Structure formats: structure tokens, C-alpha cells
Amino acid sequence: MTVSGNLEVFAGKPVVDFKTAGDIGDFSRVAPRLRCEYDSDDSLQDLLATMLKADGVAATSALVFGLWSESGETYEVRPTTAVELLIAEKDKLPAIDALFFGDIISEENEISWIEQTDYGAMWGAFPRLSQFWVRGGNGLRLGRIDHEHLDTLVIQTGGMSRALLHEALAVNAPIRHLELWLGAEDYGADSSVEDFSDLFGDKLFPKLETLGLRNSEYSDAIAQALVAAPLLDRIKTLDLSMGTLTDAGAKALAESGRLGKLEKLDISHHYVSPEGVALLRRATPNLVADDAEEVDEWDGEKHYYVAVGE
């Protein structure tokens, strides 16, 4: 998934835009998406309020929030009032088990410009929630997550703060899929591989199957730490895509002798040489290595870039 196209499917259901009554006949079969138009004064909470009055809305199990605006303004606007309305009217959506906040593509608003909000009240409001996806890190707060059913947490940013990363790693829930887009220092990323010591040491998320540490400027350091990590022995999928993996990280993974249990290793958007890719492929037949990038050299230095920054 990148930020170049809006969702077509979410939580296994086709995404269908809802704008007014009658747009959706059977809410149980689709994932409604609420999103503002540039030329409209309707806010996200206006659209949500309209949808909540629609016949059959209680059957909605997956809900997507796209571009938000206030009085036609899309920049420096947060989805706070829509989130507050969603929580206040939670009893009208008893079947909700999947939420995505921020299905916003780069043509609408760059990921590093998306203003987010505090979702701390979400977890108690929706006890059936199993998937939570969010895009944009500015002002994003998860709060303390203690949840019996949340098994998928995806946070997509162009630059994830250490504070936000620590909130994600402190989640107390049966997480099976953890996906973090770490992003670039130029856009607010200030974490390091040391922040993952408890995760890599197998002290967190005992049910974890898929680990995605994507869009990272320190993919090599992650790879080199993982080869000595107990966690690598039990996860099924390792996703280091969209980052800056080079031969150094690829060689560490390939020569570790510990990739045999992986059902999938994804390094797409990488800086690994063809020889390095071949080395990895011999170590695991389940390698995805699309989108090889060329190193940018100027001022006598090599520069590597994540897939999504601004």
C-alpha cells in the first residue's frame, strides 16, 4: 500500500463512498467511506451524522474516513469532531470491527501534512474492534490501549516520533499484525533501532505473526538487530519494504540462517544489489524484492530515501 491511490478494499469489503442517504443499500456488504470534497462545505462530522441516520447503518462492520475539512479548508484541520461524534454515537454502530482514519492520498494532502487527533477514547467505545489503521502522524495520540480483540494495528507516517512509537509498542492487545511506517527524520522521525529492544527480545505481543517496520531510514540497523532477536523465530512475515535496506542489511539477514521459518520477506523499494538479492533469495524462497532503487550520490556522499516522506 502506498499513498498514491485511495482504498478499494478494506477489511475484506469493497470501499464505497457515502455522501447522502441512498448511496449504500446494504451496509453489511461494504466498507463505507466518508470523505470531504474540496468544493464542499460539508465537514466529516456532517457526513457521519447523515450516515448514522441511514436505514441499515447498524450493520456496518468496517468504516473508512478519508479527507477531512472544515468550511472547505483541508490543511491544519483535525478529525477531532468526527471522532468525538463517532464515539458519542457508538451504539448506532454495534458491529464495527475495523476502522481506518486517513485514507488520504498525496494529491489530496501529503502524508506529512495530515493533522491527526487523540484516539484514546476509541478503545473503550468499540470493544469488538479488531483492526485499527491510521495515516498521518502530526498530533496523533493512541492513548493507553487495553483491548481484548484488537489484532491489527497499522500506523502510516512520513515521520514517526519516538513518543508515538512507544505508545504503539505499549499496546496491551492480542496483536497479530503490527505495521509501522517509521518515515524520515526531515519529517519528524526521531526513533532508533534501540527503541525496539523489548519487541525484538520477544517481550511484547506474544501472538504476533506479521511485523512491518516499513518506510525506515535505518532498515539496515533493523535487519542487523533482528538476526540476533528471538522474535525472528516465531513471526511468519517480515516486511522491511519502502525503506533503505542495502547489502549490509541483506547480507546480515541472508547469512543468519534464521529465515527458513518465514512465509514472506518483503524488502520492496530497496537499495540491495542484484548479488545481494540473490543471496537473500537463496536464504528464503519467499522473498519479495520489487522496486530496486538507485543510490543518489552528490557532494561525495551517498543518499538513500524512504518511499514516503513528505
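Just a few scattered comments:
- Highest-MSF residue in the chain out of 282, 33, 162 [GNM, Cα springs under 10 Å]: 282
- Highest to lowest packing among 186-196, 236-246, scored as the average C-beta count within 10 Å: 236-246, 186-196
- Among 215, 199, 173 - extreme Cα towards positive end, dipole of segment 168-217, charges at beta-carbon: 173
- Among 19-27, 214-222, 52-60, the peptide with the highest mean count of other Cβ atoms within 10 Å heads the list, and the full ranking is 214-222, 52-60, 19-27.
- Likely footprinting exposure, 211, 48, fewest C-beta neighbours within 10 Å first: 48, 211
- Computed from the Cβ-Cβ distance with R0 of 35 Å, the FRET efficiency linking residue 76 to residue 185 stands at 0.95.
- Sorting 292-302, 98-108, 130-140 by average packing, meaning the other beta carbons within 10 Å per residue, from highest down gives 130-140, 98-108, 292-302.
- Taking the helices alone, the chain has a mean residue ellipticity at 222 nm of -5000 deg cm²/dmol, built from -39,500 (n - 2.57) per DSSP H run of at least 4 residues and averaged over all its residues.
- Structure note, pairs 13/261; 203/264; 207/264: Cα-Cα distances above 19 angstrom occur for 13/261; 203/264.
- Compared with the direct C-alpha span, the chain from residue 39 to residue 195 gains 51.9 nm at full extension, assuming 0.36 nm per residue.
- Under the convention that each Lys and Arg Cβ holds +1 and each Asp and Glu Cβ holds -1, the size of the dipole of segment 14-303 around its Cα centre is about 1560 debye.
Each reported figure results from applying straightforward, stated rules to the coordinates on display, with no laboratory input. These numbers come from a predicted model, not from an experiment. With ideal geometry, Cβ positions are generated from the backbone for all residues, glycine too; neighbour counts draw on all protein chains shown.
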